[in-house]
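The values are calculated or read from the model by the stated rules, or taken from the named source; none is laboratory data. Just so it is clear, the model here is predicted, and its values are computed rather than measured. With ideal geometry, Cβ positions are generated from the backbone for all residues, glycine too; neighbour counts draw on all protein chains shown.
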Ligand SMILES: [Zn+2]
């Protein structure tokens, strides 16, 4: 029988920036509440307890200097980890380690066949770079996951698809010359939104040229433009072979998000997750790990992410 793991637990609520920061526990709590309501009609879904990773896991992707810097900033709990978007707070190292550990735990359970697919709401922290924080992201669990799959599990190729309203710059540029990472990203045009990157002509470098697809959308694009763009992602993915699919399904593209203007509905997320499931079933035994990513309107977060879980679990 099909089983889909969904990470749920207090430990993931620890990744919550203080004061009125948009990346806070309220968004995750809204998802948990809606997921509890939906779960009885989704017998395939099984909750999974979050897990902390160890430093060696983080070092698969991040530099030792940066990890030490986060540990030190966590001790004082003051100031910023970057230039002003990502504050340090007491316990931030442990909170970020739960994010990475939970992503890796679900990854392993998919690889052993215990789950067909899985979702972690507090994952997909795609802006962190190997040596620095960025855009609310301390450790890039998606980057760690890719390194883990290629280096520890010996997978040949990994597909990473990102539908967060912001460009997944950390994953894009830290694997820009890595042809084993098939990367596709639909996001709000970088001239109108952080981090200001992800243009059409950015397709990878050296032997990886052609393995990256960046599709910027203009503000107010809505579902129709998104679905058209996603069909281009589908055609792109069909050209490659890969052994695993990672989906960063940020909910900040939905109408009513306080930070962005793409104006999707949750139909965008349902479409993307269903299409990717179909592609993964054809290419890699259906193995997909979806990661929540951004999303700063709690109601939207709950709608978009439960749509993803439904598409994976139905
Ligand atoms: Zn975002």
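From the list 232, 202, pick out the single residue that is in a helix (DSSP H, G or I) and either over 30 Å from residue 2 (Cα atoms) or out of contact with any strand residue (DSSP E or B) (no Cβ under 6 Å at 6 or more places or on another chain) (or both).
Matching residue, one of 232, 202: 232.
For residue 295, indicate whether it is in contact with a strand residue (DSSP E or B) (Cβ under 7 Å, 6 or more places away or on another chain), part of a loop (DSSP other than H, G, I, E, B) and under 27 Å from residue 106 (Cβ atoms).
no
Starting from residues that are within 15 Å of the ligand (Cβ to nearest atom) and surrounded by 14 or more Cβ atoms within 10 Å (Cβ to Cβ), keep the ones in the stretch 193-213 and report whichever is farthest from residue 83 (Cα to Cα).
This residue is 198.
Here is a list of conditions, (1) over 19 Å from the mean Cα position of the chain (by Cα); (2) under 28 Å from residue 281 (Cα atoms); (3) surrounded by 20 or more Cβ atoms within 10 Å (Cβ to Cβ), and residue 221 meets all of them except one; can you say which number that is?
(2)
Does residue 261 satisfy the criteria of being touching a residue at least 40 places away in the same chain (Cβ under 8 Å), more than 25 Å from residue 8 (Cα to Cα) and surrounded by fewer than 20 Cβ atoms within 10 Å (Cβ to Cβ)?
yes
Return the pair list, or none, for Cβ contacts closer than 7 Å from residues in the stretch 203-218 that are under 13 Å from residue 184 (Cα atoms) to residues that are part of a helix (DSSP H, G or I), at least 6 apart or on different chains.
So the pair list comes out as 212/172; 213/233; 213/236; 215/229; 215/232.
Can you name every residue in the stretch 167-185 that is within 12 Å of the ligand (Cβ to nearest atom), farther than 23 Å from residue 274 by Cβ and part of a loop (DSSP other than H, G, I, E, B)?
167
In the stretch 210-217, is there at least one residue being assigned to a loop (DSSP other than H, G, I, E, B) and modelled with pLDDT of 95 or more?
yes
A quick yes/no check of all residues on (1) surrounded by 16 or more Cβ atoms within 10 Å (Cβ to Cβ); (2) assigned to a loop (DSSP other than H, G, I, E, B):
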site: 11; (1), (2): yes, no
site: 16; (1), (2): yes, yes
site: 19; (1), (2): no, yes
site: 35; (1), (2): yes, no
site: 51; (1), (2): yes, yes
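All but one of (1) touching a residue at least 24 places away in the same chain (Cβ under 8 Å); (2) surrounded by fewer than 20 Cβ atoms within 10 Å (Cβ to Cβ) hold for residue 112, so report the exception by its number.
(1)
Kindly indicate the residue of the stretch 251-290 that is away from the ligand (no atom under 16 Å from the Cβ) and part of a loop (DSSP other than H, G, I, E, B) and also farthest from residue 164 (Cα to Cα) among those meeting that condition.
Selected residue: 285.
Looking at the stretch 20-35 only, could you name the residues that are within 24 Å of residue 85 (Cα to Cα) and in contact (Cβ under 8 Å) with a residue 40 or more places away in the chain?
21, 22, 23, 26, 27, 28, 29, 30, 31
Would a scan of the stretch 227-234 turn up a residue that is more than 15 Å from the ligand (Cβ to nearest atom), over 15 Å from the mean Cα position of the chain (by Cα), in contact (Cβ under 8 Å) with a residue 60 or more places away in the chain and on the phi < 0 side of the Ramachandran plot?
Checking the stretch 227-234: at least one residue is more than 15 Å from the ligand (Cβ to nearest atom), over 15 Å from the mean Cα position of the chain (by Cα), in contact (Cβ under 8 Å) with a residue 60 or more places away in the chain and on the phi < 0 side of the Ramachandran plot.
Residues being surrounded by 15 or more Cβ atoms within 10 Å (Cβ to Cβ) and assigned to a loop (DSSP other than H, G, I, E, B): count how many of those fall in the stretch 241-250.
Going through the stretch 241-250 one residue at a time, the tally reaches 5.
Scanning for something modelled with pLDDT of 95 or more, crowded, with 23+ Cβ neighbours inside 10 Å and out of contact with any helix residue (DSSP H, G or I) (no Cβ under 8 Å at 6 or more places or on another chain), does the stretch 175-185 turn up at least one residue?
Among the residues of the stretch 175-185, not one is modelled with pLDDT of 95 or more, crowded, with 23+ Cβ neighbours inside 10 Å and out of contact with any helix residue (DSSP H, G or I) (no Cβ under 8 Å at 6 or more places or on another chain), which makes the answer no.
Quick check on my filter: what residues within the stretch 21-33 are assigned to a helix (DSSP H, G or I) and out of contact with any helix residue (DSSP H, G or I) (no Cβ under 6 Å at 6 or more places or on another chain)?
At the first step, the residues of the stretch 21-33 found to be assigned to a helix (DSSP H, G or I) are 25-33.
29, 32, 33, listed by residue number.
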